[in-house]
Amino acid sequence: MPITIQESDALLVIDLQNDFCPGGALEVHEGDTIIPLINSLATRFSHTILTQDWHPTQHISFATTHASQPYQTIQASYGSQTLWPEHCLQNTPGADFHPSLQIDPTELILRKGFRPHIDSYSAFLENDHFTSTGLAGYLRERSLNRIFLCGLAYDFCVRFSAIDGKKLGFETIVIEDATRPVNLPNSVAETNTALAAANIPRIHSSQVLPLKSALA
Ligand code: VGL
Ligand code: ZN
């Protein structure tokens, strides 16, 4: 079923940064292959927002901070936290957006994960599920009430951003072919289940019809 983009819609592009692309510190398989599609999607929207994973050194999510190994989990004060290779360090090339991403139409770049002691997968709430990034307030003040998510990674930052966006009252849709997963054991299956349970549709990019054709 086609969906025509409205003035009150926003495209949320999650973490399309070098470290999540092939050759990066936390590379997502084929992470860069979705970029031309995302550039095309951005032309169909009036409003595009990017998120940028933006960690300080010794961040809680880094395995090295705990003298541990990547993909182990630890108990943080807010619950379990997966450990990752050091990635998206502030002011490093790995934290930059991939050079193929056309970011000119972007109205907001939202950084997250900058607190040393709390990770933030979600663009809305940090991993304590309490500390706000301010994005919900921004969207509400601009009367942007429907969000379409794409980017990296499907099973972490896209997943948790979608779930929180929906909980916070935004109509939320995931453009599945414009995402790629990290793919830890069960992480994609769990994401599919969680999105379905939250009534968040996963659509194909071909269903997204541009705002302008609605006016023609
Ligand atoms: C992400 C793991 C750690 C993501 C960010 O963007 O999905 N995953 N930091
Ligand atoms: Zn991160």
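The values are calculated or read from the model by the stated rules, or taken from the named source; none is laboratory data. Quick caveat: nothing in here was measured; it's all calculated off a predicted structure. A quick note on method: Cβ atoms are made from the backbone with ideal geometry, for glycine too, and the neighbour counts reach across all protein chains shown. SASA here: full protein model, heavy atoms, side chains in, ligands and nucleic acids out. Shrake-Rupley method; radii C 1.70, N 1.55, O 1.52, S 1.80 Å.
The listed residues Lys166, Lys212 rank as Lys212, Lys166 when sorted by accessible area, largest first, using a 1.4 Å probe.
Suppose we keep just the DSSP beta bridges with both residues in segment 65-196; what percent of those would be antiparallel, to 5? Write down the numbers at each step before the final one.
Numbers: 5 of 11 bridges.
Taking every DSSP beta bridge within segment 65-196, about 45 percent pair in antiparallel fashion.
Surface composition of the chain: carbon and sulfur atoms hold 52% of the protein heavy-atom accessible area at a 1.4 Å probe. Computed on segment 90-140, with alpha-carbon pairs under 8 angstrom and 6+ residues apart, the relative contact order is 19 percent.
When only Cα pairs below 8 angstrom with a gap of at least 6 residues are kept, the chain shows a relative contact order of 27 percent. Peptides 110-120, 154-164 ranked from most to least packed give 154-164, 110-120, packing being the mean of other C-beta atoms within 10 angstrom over each peptide's residues. If a paramagnetic tag sat 7 Å from the Cα of Ala194 along the Cα-Cβ line, which residues of segment 120-147 would have the backbone N under 14 Å from that point? Residues 120-130 qualify, since their backbone N sits under 14 Å from the label point. As I understand it, the dipole of the chain uses +1 on the Cβ of Lys and Arg and -1 on the Cβ of Asp and Glu, about the Cα centre. Which of Ile38, Trp84, Ala136 lies farthest toward its positive end? Sorting the options by dipole projection puts first Ala136. What's the center-to-center distance, using Cα atoms, between segment 161-179 and segment 18-70 in Å? Answer, in whole Å: 17. Take the chain with all the other protein chains still there, run a 1.4 Å probe, and you get 45 Å² of accessible area per residue.
Go through Leu135, Leu108 and list them by solvent-accessible area, largest first, probe radius 1.4 Å.
On the way: Leu135 0, Leu108 40 Å².
Largest accessible area first, the residues go Leu108, Leu135.
Can you classify segment 118-216 as rounded, prolate or oblate using the Cα gyration tensor, where a ≥ b ≥ c are the square roots of its eigenvalues, rounded means a/c under 1.5, and otherwise it's prolate if a/b beats b/c and oblate if not? It comes out oblate by the Cα gyration axes.
Across all directions of projection, what mean area in square nanometres is found for the Cα convex hull of the chain?
Quarter of the Cα hull surface area: 11.3 nm².
Between Thr106 and Tyr78, the simple label model (points 7 Å from Cα in the Cβ direction) yields a spacing of 2.2 nm. Taking chymotrypsin sites (Phe, Trp or Tyr not before Pro) across segment 1-85, the ones in a DSSP loop with at most 14 further Cβ atoms lying within 10 angstrom of their Cβ are Tyr71. Let me have the 222 nm mean residue ellipticity of the chain computed from DSSP H runs of 4+ only, each contributing -39500 (n - 2.57), with the sum over all residues rounded to the nearest 500. Result for the chain: -5500 deg cm²/dmol, rounded to the nearest 500.
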